[in-house]
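The values are calculated or read from the model by the stated rules, or taken from the named source; none is laboratory data. Predicted, not measured: the structure shown is a model, and the values here were computed from it. Note that each Cβ is placed from the backbone with ideal geometry, even for glycine, and that neighbours are counted across all protein chains shown. Just so you know, the surface numbers come from the protein's heavy atoms only, side chains and all, with ligands and any DNA or RNA stripped out. Shrake-Rupley method; radii C 1.70, N 1.55, O 1.52, S 1.80 Å.
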Amino acid sequence: MCKRRFQRSKAYDVDKLFNFSIQDKMAKCKLHHMKLVLAVNISFIFATILYLPMVYHHEHVSPPVSQPNFVSRFDPRYISNLDISWEEIKKVIWTIPGNKKFHEIGLLNLNKIETNHWKQLIHNLDHVVLHLDYAEKNVTWDTLYPEWIDEEQEYGIPICQSLPKIEEPKKQLDLIIVKLPCRDYKANWSRDVARLHLQLAAAQLAVSKQVLSGNSHREAYATILHSAHVYVCGAIAAARSIQMTGSTRDLIILIDETTSKYHRSELEAAGWKIRTIQRIRNPKAEKNAYNEWNYSKFRLWQLTDYDKIIFIDADLLVLRNIDFLFSMPEISATGNHGMLFNSGVMVIEPSNCTFQLLMDHVTEIDSYNGGDQGYLNEIFTWWHRIPKHMNFLKHFWIGDNEAVKEKKTKLFGADPPILYVLHYVGSKPWMCFRDYDCNWNVDFMQEYASDVAHEKWWKVHDEMPGELQQFCMLRTKQKMQLEWDRRFAEKWKYADGHWRRKVEDPRLKKCVDKVCLWEGHVTALGGD
């Protein structure tokens, strides 16, 4: 049996599983990442993936002659070692709504014996054998999702691997039958080239007759606020940055009941449309940890009054219009490392059943980073890469030489901007002195320090209405922490020398808390 590693071993009910898939189809759910069913409803065009556990028998292995008849050569990557239970398949087919209107059935990746079985099983319909060339042997998951791409073409034009397109039949198909390879259950088959290729080919046929058109009223930018007192300023600045690019799409912000009416009103004044949600706890997070509630991001898939959402973290600026990303598929994102994507900017397609899928496995899937990004990478193993300029991290990696650092700094400060999105990882600009990036004053945070990028954020801040700028005030506790860090850097004579600068941030003289005196408490914290 070929199953994802987060599925528990248990008996499956045929009708229950298939009915679940049909309900997903009727809800326009995109469940390609689960590999259970690819169901695209286009005038009764269905793509059905035939590898449901109940239609295979382990004790029956396809004979050696089970070479697919859609190509002339043999590639074991596309072959399944399991045979099909034809009676179960027949039951499944006749449960599909509208099956009496079927006339043409496409068969993909079936061998000659299986094709004949199909013709005998459903003899009153026309069967079309679909032709698809195998992917080249040098196409691997690592080559499809490389660690690095030379996007600036410094060393030449990068060559991207491609998968052969399926030959479209002259007839319009009502049903597409695909047999996916199912081999070693221990293998990481959620990242399998042949499975990806076959499902993309079936999807291509399913949508080939559909005319896709964008609708700006069904598209929106969205973010989520986990901590109002920390990130409300960032969310206001992010909204302002989107508006400054000329975008007129809706701005949606997800908040929970802990967000005060005061903060809600100002978020609305900034242009955000408020959606109140119940937080989702990460069951594998420790209490009060940074990642305890970050699975609340799954609520984005419940925004079903929109067809497309561009999610953005609240700690970034949109420097150039990125509305064109709405034409991208789910999930579109920049690479993070290896074959994984960064969830700070991503295109999603809201769907209640996708949301339910995400919720169903929170106790089973291990996130590599303990948060939503690692979890989503286990669900959406097949994702669409967009250039890193769409989510450029304010980060100097260990090993970056001076030339690389200089290049990044120029990108941060370019005017007009070159980057589309600048992502402020590390300590946030509004939580620092206005005078310089406070990441300089903490040794292990210096890789996130850039005065040029810091200044860029404050320019957007200054474009905000005055009544909204008040949400970027420094709290008393934060003033104390900043001064403590500065004194610590002074004590150890950090080479960058930012601790020498006279801080003139006017926010230091303004108080938004009940307790305003802070200078005398810095020594108690450990400053000298």
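Size of region 199-344 along its principal axes in angstrom, Cα-based, largest extent first?
The Cα atoms of region 199-344 stretch 50, 39, 28 Å along the principal axes, largest first.
Evaluated at 20 °C with a viscosity of 1.002 mPa s, what Stokes-Einstein diffusion coefficient in µm²/s does region 269-314 have when Rh comes from the Kirkwood expression over alpha-carbon pairs?
172 µm²/s
For a quick size check, give me the Cα extents of region 100-196 along its three principal axes, largest first, whole Å.
Computed over the Cα atoms, the extents are 59, 35, 22 Å.
Give me the Kirkwood hydrodynamic radius of region 284-337, using the inverse of the mean 1/r over all pairs of distinct Cα atoms, in Å to one decimal.
Numbers: mean 1/r = 0.0722 Å⁻¹.
Roughly 13.8 Å, rounded to one decimal.
Please list the non-local residues whose amide H lies under 5 Å from the amide H of Leu107, H modeled 1.01 Å from N, same-chain partners needing a gap of 5 or more.
Those lying under 5 Å, H to H, from Leu107 are Val128, Val129, Leu130, Ile177.
Sticking to Cα atoms, compute the Rg of region 322-474 to one decimal and its Dmax as the biggest Cα-Cα distance, whole number, in Å.
17.8, 48
Residue by residue through region 118-132, which ³J(HN,Hα) values in whole Hz follow from phi under the Karplus form 6.51 cos²θ - 1.76 cosθ + 1.60 (θ = phi - 60°), with glycine and proline marked x?
4, 5, 6, 5, 10, 7, 8, 10, 7, 10, 10, 7, 8, 10, 9
Hey, what's the per residue convex hull volume over the C-alpha atoms of region 380-428, in cubic angstrom? Could the numbers behind the result be given before it?
Working: hull volume 5.9 nm³, N = 49.
Hull volume over Cα atoms, normalised by residue count, gives 121 Å³.
List, in order, the whole-Hz ³J(HN,Hα) value for each residue of region 327-336 obtained from phi through the Karplus relation with A = 6.51, B = -1.76, C = 1.60 and θ = phi - 60°; use x for Gly and Pro.
Working through the residues one at a time gives 7, 8, x, 7, 8, 10, 7, 8, x, 9 Hz.
If you rank Phe488, Phe412 by how much accessible surface each has, with a 1.4 Å probe, what is the order from largest down?
Values: Phe488 75, Phe412 0 Å².
The residues order as Phe488, Phe412, largest area first.
Can you give me the orientation-averaged projected area of the convex hull built on the Cα atoms of region 246-301, in nm²?
4.9 nm²
Return P(r) of region 405-528 (all Cα-Cα pairs; 5 Å bins starting at 0; whole %; ordered from short to long distances).
Bins of 5 Å from zero give 2, 10, 19, 22, 20, 14, 8, 3, 1, 0 percent of pairs.
Starting from the amide H of Ser85, placed 1.01 Å from N in the peptide plane, find each other amide H under 5 Å away whose residue is 5 or more places distant or on another chain.
Result for Ser85 returns Tyr56, His57.
If you take every residue apart from Ile84 with its C-beta less than 11 Å away from the C-beta of Ile84, what net charge results, scoring Lys and Arg +1 and Asp and Glu -1? Mind showing how you got there, number by number?
On the way: positive: Lys90, Lys179; negative: Asp83, Glu87, Glu88, Glu114.
Residues close to Ile84 contribute a combined charge of -2.
Per residue of region 433-446, in order, report the coupling 6.51 cos²θ - 1.76 cosθ + 1.60 (Karplus, θ = phi - 60°) as ³J(HN,Hα) in whole Hz, putting x for Gly and Pro.
Going residue by residue, I get 4, 5, 5, 7, 6, 6, 4, 4, 8, 10, 4, 7, 9, 5 Hz, with x marking Gly and Pro.
Please work out the C-alpha center-to-center distance from region 161-175 to region 425-499 and express it in whole Å.
Region 161-175 and region 425-499 have Cα centres separated by 55 Å.
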